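Below you'll find the structure, written out as C-alpha cells, and then a few comments.
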Amino acid sequence: MIVLASDKPPSGARERSGARARARSGAGGVALKWLGVAVAAAALWSTLRGADFPGVGALIASVGAPMMALALLPNLVARLFQAEASRRVFDALGRPAPFARYLSLTLSTEALGMSVPAGAALSESVTFYLLHRWCGVPGPQGVAGIAARRSLILLANAAYVAIALALGFGHLERASRPLLGAPWLPWLVVLSGLGLLAGALALAGALLSGNVASRVFARLRRLPGRRVRAYVDARAAGFAATDRHAAALGERRGALAAAALLLLGMWLAEGLETLFLLRLLGVDISLAEVLSFEVVLAMLRAAAFMVPSGLGVQDAGYVAFLGALGVPGAVTVGAAFVLIKRAKEIVWIALGLLVFFGGRVVYREAPERA
C-alpha cells in the first residue's frame, strides 16, 4: 500500500509545534525582561556609585516633609490635564462620562505603565478594557479614540520639543561636547522632534481618512486558515464602525485641538516638576536648562521601554546632564534628585494601583449608551 504524504502535519504535531513556538517566544520575552533589569541595575549603580551618600542624605533631609508633599503636585496637574484630554476625545465621539472616571482610568494606567517592563503596551491594553468597563465606551469607539489620543500625544510632544529647542538650544550645545564629544546633540533633538511631528501627522491623517481599519481588515482576510478568516469575518462590522468613528472625529477639530493643548500642558507640567525638585535641592538652574534635557531624557525613557519607568537609564541621564551643564556636585545632587523622584513615583504607583482595584468595585460596569 502506498501512503501519500500530506503537506500538512497531523493536528497533534501542529499543536506540539505551536506549543514549542509559544515556549520559545515566552523564553525570549523573559530573557528580554531580565536583560532590561540588568541594564537598569547597571545604569543605576553607575549613577549612584560616585555619590557622597552622607551628602545625599543631608540634601534629602534639608527638603523637609511639607515640601516633599508639595513635590507631588506637578504630577497631579499633569494627570489632570491628561485625563481631561481623554475625556474631550471620547466626548467628541459621543461617549461622555464623568471626569472622575477618566481621572481614575489615567491614574490606574499610568501606575501600571510605570511599574512593569514594557508598561506602555500594557497601559494601552488596560486603557481599552477600562474605557469599556468604567466609561461605557464600546470596542470600535475605544480603538478610534485611543488611536486619536496617541496621535495627539505625539503632536503635543513635538510641540514640547519645539519649545525646549527655542528656549534651550544653547544649553544643548553646551552639554553636547561633554556628553557626546561632538556638537550634534541639539540637531539630534531637532531630528527627533521632526520625527515626532511626522509620525503624529501621518497617524492622524491615516486615522481621520476613515479607511485604516478597512485596510487592516482586508489584510487580515488574506491570512491562511479558514478559522482565521471566519474569526475576522465575524468582526467585519466592528472594523467598519471603527472607521466611521475615526472619520467622525475629523469633524470635531476644535475638541481635538483643545485635547492637544491639554497634553502639551501635561508635558510642560512634567518639566516643571523637575525644575521644582532641583530648586528644592538648592540647584541654581533655569527652566530653559531643564526643558533642554527633559526632552532628551523623555526620548531616552521611551527608548528603554523594557525597563519600568526607564529606571537607571533615565537616572544616569539626569546625573550626566547636570554634570555637563556645570552643576556643582552633580553626582551627589543628581543622586538625591533621582531618589526623591523615584520615591514620588512609588507614591503615584501605589495610589494608581489602589484606584485601579478600588475602581473595579466602585464603578463596576458602565452601561453602554446608544
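Some observations on this one:
- Checking A159 against (1) farther than 30 Å from S214 by Cβ; (2) open to solvent by less than 10 Å² (accessible area, probe 1.4 Å); (3) under 21 Å from the mean Cα position of the chain (by Cα), the condition it does not meet: (2)
- Looking across G205, G225, one residue alone is within 30 Å of A166 (Cβ to Cβ), out of contact with any Gly (no Cβ under 7 Å at 6 or more places or on another chain) and either of a type in the set (S, T, Y) or open to solvent by 30 Å² or more (accessible area, probe 1.4 Å) (or both). It is G205.
- Here M299 passes the criteria (1) in contact (Cβ under 8 Å) with a residue 12 or more places away in the chain; (2) assigned to a helix (DSSP H, G or I); (3) closer than 20 Å to A71 by Cβ except the one numbered (3).
- The set of residues in region 148-194 being among the hydroxyl-bearing types (S, T, Y) and in contact with a Pro (Cβ under 7 Å, 6 or more places away or on another chain) consists of S176 alone.
- The condition of being at pLDDT 60 or above, open to solvent by less than 50 Å² (accessible area, probe 1.4 Å) and not in a helix (DSSP H, G or I) holds for only one of G94, G36, that being G94.
- Among the candidates V307, V295, V290, V313, residue that is open to solvent by less than 40 Å² (accessible area, probe 1.4 Å), β-branched (V, I, T), under 18 Å from the mean Cα position of the chain (by Cα) and modelled with pLDDT of 85 or more: V295
- Segments classed as helices (runs of 4 or more DSSP H), wholly inside region 190-283, with at least 2 members that are closer than 18 Å to R149 by Cα: 212-221, 236-249, 253-280
- Residue ID - surrounded by the fewest Cβ atoms within 10 Å (Cβ to Cβ), chosen from residues in region 162-185 that are touching a helix residue (DSSP H, G or I) at 6+ places or on another chain (Cβ under 9 Å) and not in a helix (DSSP H, G or I): A182
- Test: residue in region 326-345 that is open to solvent by 60 Å² or more (accessible area, probe 1.4 Å), closer than 25 Å to S123 by Cα and out of contact with any strand residue (DSSP E or B) (no Cβ under 8 Å at 6 or more places or on another chain): yes
- Just one of (1) open to solvent by 30 Å² or more (accessible area, probe 1.4 Å); (2) of a type outside the set (S, T, Y); (3) within 20 Å of the chain's Cα centre (by Cα) fails for L263. It is (1).
- Boolean, A236 is over 23 Å from A158 (Cβ atoms), open to solvent by 30 Å² or more (accessible area, probe 1.4 Å) and free of Cβ contacts under 8 Å to residues at least 40 places away in the same chain: yes
- Whenever a residue of region 143-166 is over 13 Å from E124 (Cα atoms), its partners that are of a type in the set (S, T, N, Q) and in a helix (DSSP H, G or I), lying with C-beta atoms within less than 7 angstrom and at least six residues away or across chains, give the pairs V161/S192; A164/S292.
- Within region 64-91, being in a loop (DSSP other than H, G, I, E, B) and of a type in the set (G, A, S) holds for G64, A71.
- Filtered residues of region 248-284 (kept if among the hydrophobic types (A, V, I, L, M, F, W, C) and either more than 23 Å from A298 (Cβ to Cβ) or touching a Gly at 6+ places or on another chain (Cβ under 7 Å) (or both)): A248, L249, A255
The values are calculated or read from the model by the stated rules, or taken from the named source; none is laboratory data. Since the structure is predicted, the reported quantities are computational estimates derived from the model, not experimental observations. All Cβ positions, glycine included, derive from the backbone under ideal geometry; neighbour counts span all protein chains shown. What goes into the accessible areas is simple: the full protein's heavy atoms, side chains included, and nothing from ligands, DNA or RNA. Shrake-Rupley method; radii C 1.70, N 1.55, O 1.52, S 1.80 Å.
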